[in-house]
1. Of the residues Ser80, Ser58, only one is of a type in the set (S, T, N, Q) and modelled with pLDDT of 90 or more; which?
2. Tell me which residues, restricted to region 1-10, are loosely packed, with under 10 Cβ neighbours inside 10 Å and outside any loop (DSSP other than H, G, I, E, B).
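The values are calculated or read from the model by the stated rules, or taken from the named source; none is laboratory data. No experiment lies behind these values; they were computed from the predicted model shown. Reconstructed Cβ throughout: ideal geometry from the backbone, glycine too, with neighbour counts over all protein chains shown.
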Amino acid sequence: MRTNEERIALAHERASVLRRRREKMRLAASGSFSLLLFAALTGVMFRLIGMSPIDSCSRLTGASLLGEGAGGYVIVAVISFFAAVFITAFLLKRQAKKK
């Protein structure tokens, strides 16, 4: 027969397993939702522009953006990307310290 302490320890262990499983499912669901949202927005963008995705590769390149005076947009995009990478790394490191 198990003691109360053993039963409590088993209950806590099972709760942590269930919590991790729920977090994995939530992460998978949010990743799937993000992928679907990306696909839908990409399709809408191509519809609004009036191009097929194959034609867009030849027209929407970074070199043409810089050549047409849209350099500021490219710089803002690069800065935004690096800011997002920094924030993500910071939050992941902070979350790792909590565990």
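1. Exactly one residue qualifies, and that residue is Ser80.
2. Residues satisfying the conditions are Asn4, Glu5.
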